[in-house]
Amino acid sequence: EVALTLVLLAGAGFMMRSFLVLYQADLGFNSAPLLTMRLYLPLTKYPTADSREKVLERIEERLSAVSAWQSAAITSNPPAFGGFLRQLAFDGRPDDAEHRPEVTMVSVSNGYFDTLGVKVAQGRTFNRDDGLPGHESAIVNQRFLAMHFKGEDPMGRRITLYDPTPSGALQSPPKTVTIVGIVPSVRQRNFQERDPDPVVYLPSRTDPQRIATLIVRVPGDPASVAA
């Protein structure tokens, strides 16, 4: 079922590309040899967050069982492909709902940073419990740290992410999460600016999206495992 789903979802939009051709010196991670594939989860088959979470978990399990590559991950937005705009509020600080700072939000699976070759600067990466009730966790990049916690320790601090989309079926509910790790700044957007954008990473199960990207790191030529 999952294998068939992969074929149907990818369809004519099946794309394989190396990150090496995308801003090689500026993204902030080891871009080769990586292989990516874009998946679209139609609302007719996966109408709820729970249904999307389950199919992504099954795909992740199958990816981890393949011996042809070193590691694999799933993300809502790979580096250089943007993310979801969210507004921030901080526990213990005044909250002005009309002037909340903005941040890029990206959902990722447990092996995301290992697959990109990004080492955690402080704290930890996600584990299998993160995203479950009582384990609402987040990882932030160093640009986020410099903007919002300069001179402070962000570990264990709670933040709330608000969807600025007008109220309606497409608006995501606010998410209150605890910072458990800090990673180097990998650019998602803002390529014309000197500094990368501040990013908050959430476990995939916290915010399962209709569009996902598979990323695999292979020991040799990515084209050798594309099929």
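The values are calculated or read from the model by the stated rules, or taken from the named source; none is laboratory data. In this text the structure is predicted, and so the values were computed from the model without any measurement. Positions of Cβ are backbone-derived with ideal geometry, glycine not excepted, and every protein chain shown enters the neighbour counts. The area values use the complete protein model at the heavy-atom level, side chains included, leaving out ligands, DNA and RNA. Shrake-Rupley method; radii C 1.70, N 1.55, O 1.52, S 1.80 Å.
The lysines whose alpha-carbon is closer than 17 Å to the alpha-carbon of K45, local same-chain residues fewer than 8 away aside, are K54.
Each listed q (0.20 Å⁻¹) maps to a log10 I(q)/I(0) for the stretch 32-147, found by the Debye formula over equal Cα scatterers with no solvent: -1.41.
Extension gain for the segment A68 to T165, taken as residue separation times 0.36 nm less the Cα-Cα distance, is 30.8 nm to one decimal.
For the stretch 128-227, the share of alpha carbon pairs falling in successive 5 Å distance bins from zero is 2, 10, 16, 18, 19, 16, 10, 6, 3, 0 percent.
Counting other Cβ atoms within 10 Å, keep those with at most 14, restrict to DSSP loop, and tell me which GluC sites (Glu not before Pro) in the stretch 46-123 are left. Filter output for the stretch 46-123: E98. The accessible area of M155, taken with all protein chains in place and a 1.4 Å probe, comes to roughly 60 Å².
Stretching Q122 away from D195 to a fully extended chain increases their span by 24.3 nm, per 0.36 nm per residue minus the current alpha-carbon distance. For a label point 7 Å from the Cα of I211 along Cα→C-beta, name the residues of the stretch 41-74 whose backbone N is under 16 Å from it. Of the residues in the stretch 41-74, 41-43 have backbone N under 16 Å from the label point off I211.
Projected onto their three principal axes, the Cα atoms of the stretch 126-168 cover extents of 38, 30, 14 Å, largest first.
Compactness of the stretch 181-227 was expressed as the Cα radius of gyration divided by 2.2 N^0.38 Å, which yields 1.57. The order of Y162, Y46 by accessible area, most exposed first and with a 1.4 Å probe, is Y162, Y46.
Note on T178: accessible area is roughly 40 Å² with a 1.4 Å probe, heavy atoms of protein only.
Taking R157, R187, R38, R194 and ordering them by how much accessible surface each has at a 1.4 Å probe, largest first, produces R194, R157, R38, R187. For a bin width of 10 Å, list the pair-distance distribution of the stretch 67-201 built from all Cα-Cα distances, rounded to whole %. It works out to 11, 43, 36, 9, 1, 0, in whole percents. Shown is the FRET efficiency for K150 and E98, computed with R0 = 25 Å from the Cβ-Cβ distance and rounded to the nearest 0.05: 0.60.
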